Amino acid sequence: MQDAPSLEDLIPDSAVENPEEWAEQGVSDEAAAQEDAPLVLDPDFAEMPLIDIPWPDQIELPQLAPLDPDPADPIEFANFDEEIPPIPAGSEERITNELVLVFPSDTSLFPEREEFLERFRSLSTIAELEDDGNLARLAVQARNDEELLQQMLRVYGYYDAQVIRSVGQLDQEVEADLERPAARFDVIPGTRYRFGAIDLGNLGSANNADELRASFEIFPGDFISLDAIEIERADLDTQLGETGYPFAAIEDPELLVDHDREEGDLTMPVEPGGQYNVNVVTSNLPGFLPGDHLTRIARWDAGDIYQRSDEMDLRRAILATGLVGSVTLTPEVVEEPVGDEPGLVNIAAELEPAPLRTIAANIGFGTEVGVRVEGMWEHRNLFPPEGLLRVRGILGTREQLAGVTFRKNNFRDRDQILTLDAYASTIDYDAYDARTASLIGTFERVSNLLFQKDFSWSVGLELVATQESERDIDDVELPRETYFIAALPLYAQLDNSDDLLDPTEGWRLSGRLSPEISDNDGVQSFYIRSQVDASYYQSINENTVLAGRVRLASIPGAEVEEIAPSRRLYAGGGGSVRGYGYRMIGPLNDVGDPIGGRSVVEASVEARIGTNFLDGAVSVVPFFDAGSVGTGEFPDFDVIKFGAGVGARYNTGFGPLRIDLAVPLNPGPNDSWIAVYVGLGQAF
């Protein structure tokens, strides 16, 4: 080989001494000629003994025979559209002016479309915020919504889905009517994955394993739905709690997705923890609310299978007493399960007492009652368990009262109440004046705010001594007459409505029957006070409820003059015919004051119309009422009073606050031109 030039040969001394001057000289003609000359290998290179590779011109390549096509296996060329299917034709969904979703036109490719759209509308950041045409803001929101769409598609089991995002002025064909930037998402769901293997841990060890497994309604081959996993987990947990497993535990589910199989294997370890029957309730405060009392109000008998719903119901019942601020119920093992035989647990109640004494007072004015000041003191557990003592008083322009009440809640059984009430009062109504002393005992089972009952009832005994007077034709008070009255009031109600204070669907039917005997200066009278009330409620759309009410009442057995004025029938007031004063409708004396009657017919209808005011908490209620009071035991409809008005309802969360303004349409001589009513709950 030729010797390669050294570095010193390539860079002369003159270049080192003055590099810039040497560089300006350029490349010499000889060097340039050498650069353009072809590369010549040293002939001695071919003689090197260690290299045995022949030169290319010394290699003879064999001739390849031409290939004949095989008719049994013809050559096929791949089609681009077959290898990469085109995006299916889309069906556009306009969410807002700035937001468009496009789904496959074939609904079978994404049958969950309507539900998916509804959820996306509620979660989309673009749909939530105001569309001001800001492209930068829209681009950020579009990225968030793209991620949201991907997450939602996985919820429904679409793990190979594609979401194609486009932001800006979209093509005129799709968005021809948009005058501002918009975001478009083309959603290509792809294949919906199915459940593969399902592992529920130790569920098979339960006594009723088949029943429990059937409550978890996800099986291999079902389409994957993360919503379904949560729903069925809750159903399984409920079934465990309702079939005797107070210590059951369910770990968080895990889904292992296999893209090759297009399946997801679900693992959700379940540990039943043994099946138990329930025994009694124990209390940490036996002198306050003893265990035997709590056991009596529980909705189970000793030896029944444990049910979590019974435990939660007991908790609500204890809180409903108003005596505790908090309660914790804990199952405690008494006997362990043996084989297929359930064990036994007690329910330990950990109670924190609430303040037991209350002092309350209010002052107000109403068109029906004038000025009224009321005060009350009570101790809700003065006689444990649940023995209440209340002292109350009223001072007003038309009423004065002093009374004492003893009440025993959950008396002898759940939700039964024993009440003893003694009071003395003076009342000065336009209809009559009365000085009364009463002793009333009532045993009842009625609805309350926590437990609305389908059937309510009460039975009582009432002893009344009253001096009452009416007015003559000159509006002069007549001498008082003394009445001694004994009554046996009975009450029953069927309640099919959906809410105690604000019903929107259903009906109610109630009846009152009170046989009474009255002694007036040695003249004894026997009569029966009776009353039937019926009401009906119907929602006609999302925001409007129509409600109607009818009342029929009668007192057969005695003439009006033989019945004390306070025991006669009247109409008028906030729960009767609105627009008139309390008990101001009835047969009139010569100066226009009602004297009461023996029969009543009332009817009311109103529309409860929701509004958007205060986030929908306020509704408007136009109403119309009518009523008639007769002196016979059956209504004669000689005088029918009509009232109409409009009210407002404010939803407080536990019941509507009611304000009604009403006018009498055919007022009497002593009727005001307008009446105002305030109360909690609907008028009926």
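The values are calculated or read from the model by the stated rules, or taken from the named source; none is laboratory data. Since this is a predicted model, take the numbers as computed values, not measurements. Positions of Cβ are generated from backbone atoms using ideal geometry, with glycine treated the same way; all protein chains shown enter the neighbour counts.
Take the residues in region 489-547 that are charged (D, E, K, R) and closer than 18 Å to L461 by Cα, then tell me which one is surrounded by the fewest Cβ atoms within 10 Å (Cβ to Cβ).
Among those residues, the one meeting the criterion is D519.
If you check L170 against the conditions, is it surrounded by 14 or more Cβ atoms within 10 Å (Cβ to Cβ) and modelled with pLDDT under 95?
yes
Do we find a residue being more than 22 Å from G244 (Cβ to Cβ), of a type in the set (S, T, N, Q) and assigned to a strand (DSSP E or B) anywhere in region 346-359?
Let us first name the residues in region 346-359 that are more than 22 Å from G244 (Cβ to Cβ), namely 350-359.
Cutting the leftovers down to of a type in the set (S, T, N, Q) gives us 358.
Next cut, assigned to a strand (DSSP E or B) only: 358.
Taking every residue of region 346-359 in turn, at least one turns out to be more than 22 Å from G244 (Cβ to Cβ), of a type in the set (S, T, N, Q) and assigned to a strand (DSSP E or B).
Keeping to region 577-627, report how many residues are among the hydroxyl-bearing types (S, T, Y) and within 19 Å of Y429 (Cα to Cα).
Looking only at that region, the number is 2.
Please go through region 488-523 and give me each residue that is within 13 Å of I563 (Cα to Cα), touching an Asp or Glu at 6+ places or on another chain (Cβ under 9 Å) and assigned to a strand (DSSP E or B), ordered by number. Give the derivation first.
Filtering region 488-523 for residues within 13 Å of I563 (Cα to Cα) gives 515-521, 523.
Within this subset, residues satisfying the condition of being touching an Asp or Glu at 6+ places or on another chain (Cβ under 9 Å) are 516, 518, 520-521, 523.
Hits for region 488-523 are E516, S518, N520, V523.
Those residues that are at pLDDT below 90, within 20 Å of Y432 (Cα to Cα) and within 44 Å of the chain's Cα centre (by Cα), I need them from region 581-612; list them, please.
G581, Y582, R583, M584, I585
Could you please tell me which pairs satisfy a Cβ distance under 7 Å, a separation of 6+ or placement on different chains, a first residue in region 138-167 that is within 26 Å of R194 (Cβ to Cβ) and modelled with pLDDT of 90 or more, and a second residue that is assigned to a helix (DSSP H, G or I) and of a type in the set (D, E)?
Short answer, once both residue conditions are applied: V155/D227; V163/E146.
Looking only at region 595-612, count how many residues are in a strand (DSSP E or B) and farther than 23 Å from G645 by Cα. It would help to see each step written out before you state the result.
Within region 595-612, the subset in a strand (DSSP E or B) is 597, 599-610.
From the residues that got through so far, the ones that are farther than 23 Å from G645 by Cα too are 597, 599.
Matching residues across region 595-612 total 2.
Here's the yes/no breakdown for (1) without any contact (Cβ under 8 Å) to a residue 60 or more places away in the chain; (2) among the acidic types (D, E); (3) touching a helix residue (DSSP H, G or I) at 6+ places or on another chain (Cβ under 9 Å); (4) closer than 30 Å to P556 by Cβ:
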position	(1), (2), (3), (4)
D590	no, yes, no, yes
D593	no, yes, no, yes
V605	yes, no, no, yes
R608	no, no, no, no
L614	yes, no, no, no
V620	yes, no, no, no
F623	no, no, no, no
V629	no, no, no, yes
E633	no, yes, no, yes
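When you check D671 against the structure, is it at pLDDT below 85, in contact with a strand residue (DSSP E or B) (Cβ under 7 Å, 6 or more places away or on another chain), farther than 18 Å from D499 by Cα and surrounded by fewer than 16 Cβ atoms within 10 Å (Cβ to Cβ), yes or no?
no
The conditions are (1) in contact (Cβ under 8 Å) with a residue 12 or more places away in the chain; (2) exposed (fewer than 14 other Cβ atoms within 10 Å of the Cβ), and E335 fails exactly one of them. Which is it?
(1)
Filter region 511-554 down to residues that are touching a residue at least 12 places away in the same chain (Cβ under 8 Å) and more than 22 Å from G596 (Cβ to Cβ), then give me how many there are. Break it down stepwise before answering.
Step one: filter region 511-554 for residues touching a residue at least 12 places away in the same chain (Cβ under 8 Å), giving 511-521, 523, 525-539, 542-554.
Going one step further and asking which of them are more than 22 Å from G596 (Cβ to Cβ), we end up with 534-539, 542-548.
The total comes to 13.
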